[in-house]
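The values are calculated or read from the model by the stated rules, or taken from the named source; none is laboratory data. Because the structure is a prediction, the values reported are computed rather than measured. Cβ coordinates were reconstructed from backbone atoms using ideal geometry, including for glycine residues, and neighbour counts include every protein chain displayed. These accessible areas exclude ligands, DNA and RNA; they are computed on the full protein's heavy atoms, side chains included. Shrake-Rupley method; radii C 1.70, N 1.55, O 1.52, S 1.80 Å.
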Amino acid sequence: MSEPVLPKQARVVIVGGGIIGCSVAYHLAHMGWKDVVLLERDRLTSGTTWHAAGLIVTFGSTSETSTEMRKYTRDLYCKLEAETGLSTGFKPVGFIELASEPDRLEEYRRVAAFNRYCGVDVHEISAAQVKELFPLAKTDDILAGFYVEKDGQANPVDITMALAKGAKQQGATIIEGVPAIGILQERGVVKGVRTAYGDIQAEYVVNCAGMWARQLGAMAGVNIPNQAAEHYYLITDKVPGLGTVPVIEDPASHGYYREEVGGLMIGLFEPICAPWKVGGIPDDFSFGELSPDWDRMGPYVEKAMQRVPVSLEVGVRKFFCGPESFTPDLQPIVGEAPELKNYFVAAGLNSIGILTGGGLGRVLAHWIVNGRPDVDVTGFNIDRLHTYQANPEYRRTRTVESLGMVYQCHYPYRSMQTARGAKRSALHDRLAGHGAYFKDVSGWEGADWYAPPGVEAKVDLSWKREPWFAYWEAEHHATREGVILMDMSFMAKFLVQGRDAGKILNYISANEVDGQAGQITYTQWLNEGGTIEADLTVTKLDDERYWVVASDTAHRHVATWMRRHIGDAHAFVTDVTSGYAQINVQGPGSRELLQKLTTADLSNEAFPFRAAREIDIGFARLLCVRITYLGELGYELYVPAEQAVHVYDRIVEAGQKVGLRHAGLKALASLRMEKGYRDYGHDIDNTDSVLEAGLGFAVDLKKPGGFLGKEAVLAKKAAGPLKRRIVQVLVKDPEALLFHAEVVRRNGKPIGYVRAGSYGFTLGGAVGLVMVEAGEPIDAAYCDKATWEVEIAGRVYPAIASIKPLYDPEMKRVKS
């Protein structure tokens, strides 16, 4: 075989010729970027694409981004043949999600309402109707099915070949048999790809290497913690009388079912899986199969086959095992690497690569071409992940649970249980001694709520009220009426220093953060389009030292945003997250408690709202900031980690006399939600204008020098009254619960969905934040002079809506 001839340079080099790589190439070429080269180490689809099941399903996600990608993907696969002349094998045979348990019925009713809002034509059908559509299925235990008529199945290899041809027709180049053996870079910017046949210089490199993505990323120092695991399906001999039937998923039986050449394909997502090749995927593994573990999989196979009993009677033609890659949180790994500018990744698809491949390719191509994404990417941006998650032991441990989560009931309070204890606050043991129930918070053990003495801190997963709700409620009321202690050490903390530190921070901040020293400022960081990149606080310590605090999920995004905007300026970012505990003392009694412990004057006159000072407590010196995320008088204490237990003990001892209570993250959620405080990545995201987010008060349009995104903010203001805006909703029925994705109606018309919800114990009902798409100006009258309702699991509940916070809108309690 002759050596392949490679171009010396290209605008974009894509590594990996599976469905994702070919989709990215297709969409880049269709967006006008013709100078695209795709390198495949062997043959197209030879990694995991070739053995994918090919389900094309739009139902099932409560992410708007994921749902839209699924819809786009299905539509694209329908029309590719007309464009390329190659069939994708798409058959719109329909799809049914089966609910055989009450909790799954609750979940799917919630999902169905949201999916309908997003344009998915899903219908709840009876067991008898399921039987009509799939006569050979056992349906006597089915509570309901959720049917999408236009979903179905396709051939993954055919789809990939059609995408590849479509890319080439638009000018892209696809070269097989050329593995990437290195990544070229210079001063933190990617410069190209090295192969055994020469280098290709490039402005952008896209890692679409599937289960090899982690290893390819490691060549360039890029963290991509995906891990391959065994995935199984069996194919039966021909089934008499099967005919044309819809695709079925039955998560309670661990299985999915579709027709395959007259027989049945029965695929499995078992609750406990087997990782494969943790040490590294062999370079020469192509079109490969793994030896099935019959002993381990036997019980799961038998349970799955019972859904279609005839499958137990016909022969098994093939029991297939092949690797697919999974991620720590079961979300894809997508976006520009924080370690290397212009190096993009699209990998770790968690078995939904085929059904989202078209949409994901479009999203990433748009991101590359335009410099920022046009959809909410906060849930799957690569920079949410941390380097320790690529450790072999972590991947081996977490992946066992990740694959199984695909078919678990997705309870609102579920927390991953494997690979725990990776990060612990300095106060962890003290909190455990007080009855803390811990959940996974970006790898940290975060105290979610506290059980009273003598009660075990455990959960019974449910969509209803759980026993620990009473403990949560008590913590909530203690914050509103007394004083609480909350450990927030997982928050991302940075010390930014240098002559130009203030100038840089002020430019990337929409608010004025370089005013007087000793003051904290709440601000957003915007991109050139005026949408939000970060939501955080900046405290000016002195003219050359600043303290930046962001949420745990934004940790690496914030660090990268700062460093890339500093450039050659005299400013330096130090990540001090692990070096400081964050102890929040909040509530009307917080001043009284802390004043007993420090010689600093904490009176309202000497230490007003937003003040930041170094104070003494016992033997410690610490940064005390008067700020709150709970809506009450309160203080955040940043304590050197080695003195954190000492300070904590002093606070707890003094707190015994004033009724101090420990409070967890459930109370944080309910308290901040009553006050309407935003949480980036949950109720606001990168698609939202700072004005639409209701955060115009944190924007200083008059500060000297302007700020990044100012022109876009001015243009938004000049366009007139907002027709898209965050609104707070309160459900009137005190029994209803809000979590996420509940559809909100105004005068009977769907106008948005709950991006984040909690329970407002002070307000007396479930409360949430909704991005309203109105088509008319949104003001107080818009909220007050209308009938509001929220759909929750098939029931509609009356609600009220407000632009202003429903709790303490005048900020009197915060500033008292």
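The angle between the Cα long axis of helix 19-30 and the main principal axis of the chain comes to about 80°, on a 0 to 90 degree scale. For the chain, adding -39500 (n - 2.57) for each run of n ≥ 4 DSSP H residues and dividing by the number of residues yields -7500 deg cm²/dmol at 222 nm.
Shown is the FRET efficiency for Lys717 and Ala641, computed with R0 = 45 Å from the Cβ-Cβ distance and rounded to the nearest 0.05: 0.55.
Look at the dipole of segment 124-271 built from charges on Cβ: of Phe146, Tyr204, Asn223, the Cα furthest out on the positive end belongs to Tyr204. May I ask for the distance between the Cα centers of segment 16-50 and segment 425-494, given as a whole number of Å? Spelled out, the Cα-based centre of one part sits 46 Å from the other.
For the charge dipole of segment 78-158, defined by +1 on Lys and Arg C-beta atoms and -1 on Asp and Glu C-beta atoms about the Cα centroid, which residue among Leu105, Leu80, Ala127 has the Cα displaced farthest towards the positive pole? The listed residue farthest towards the positive side: Leu80. Residues Arg499, Arg564, sorted by accessible area with the largest first, give Arg499, Arg564 [1.4 Å probe; ligands and nucleic acids excluded]. Distance between the pseudo-spin-label points of Glu101 and Arg499 (7 Å out from Cα toward the beta carbon): 6.4 nm. Summarising the amide proton neighbourhood of Thr521: residues at separation of 5 or more, or on other chains, whose placed amide H is nearer than 5 Å comprise Val538, Thr539, Lys540. Placing +1 on the Cβ of every Lys and Arg and -1 on the Cβ of every Asp and Glu, with no other charges, gives segment 342-482 a dipole of roughly 360 debye about its Cα centre. The mean accessible area for residues of segment 132-188, using a 1.4 Å probe and ignoring ligands and nucleic acids, is 44 Å² per residue.
Stretching Ala606 away from Asp429 to a fully extended chain increases their span by 60.2 nm, per 0.36 nm per residue minus the current alpha-carbon distance. For the chain, a crude dipole built from +1 on the beta carbon of Lys and Arg and -1 on the beta carbon of Asp and Glu, taken about the Cα centre, is about 1240 debye to the nearest 20. Coupling constants for segment 82-89 follow from the phi torsions by the Karplus curve (6.51 cos²θ - 1.76 cosθ + 1.60, θ = phi - 60°), and in residue order they are 5, 7, 10, x, 10, 6, 9, x Hz; glycine and proline get x. A straight line joining the Cα centroids of segment 781-816 and segment 664-741 runs 14 Å. Axis angle, to the nearest 10 degrees, between helix 353-370 and the longest C-alpha principal axis of the chain: 60 degrees. What a 1.4 Å probe finds exposed on the chain is 49% carbon and sulfur by accessible area, rounded to a whole percent. The angle between the Cα long axis of helix 392-405 and the longest principal axis of the Cα atoms of the chain comes to about 70 degrees, rounded to the nearest 10. Could you work out the relative contact order of segment 556-701, using alpha carbon pairs under 8 angstrom and six or more residues apart, expressed as a whole percent? With pairs under 8 Å counted, the relative contact order is 21 percent.
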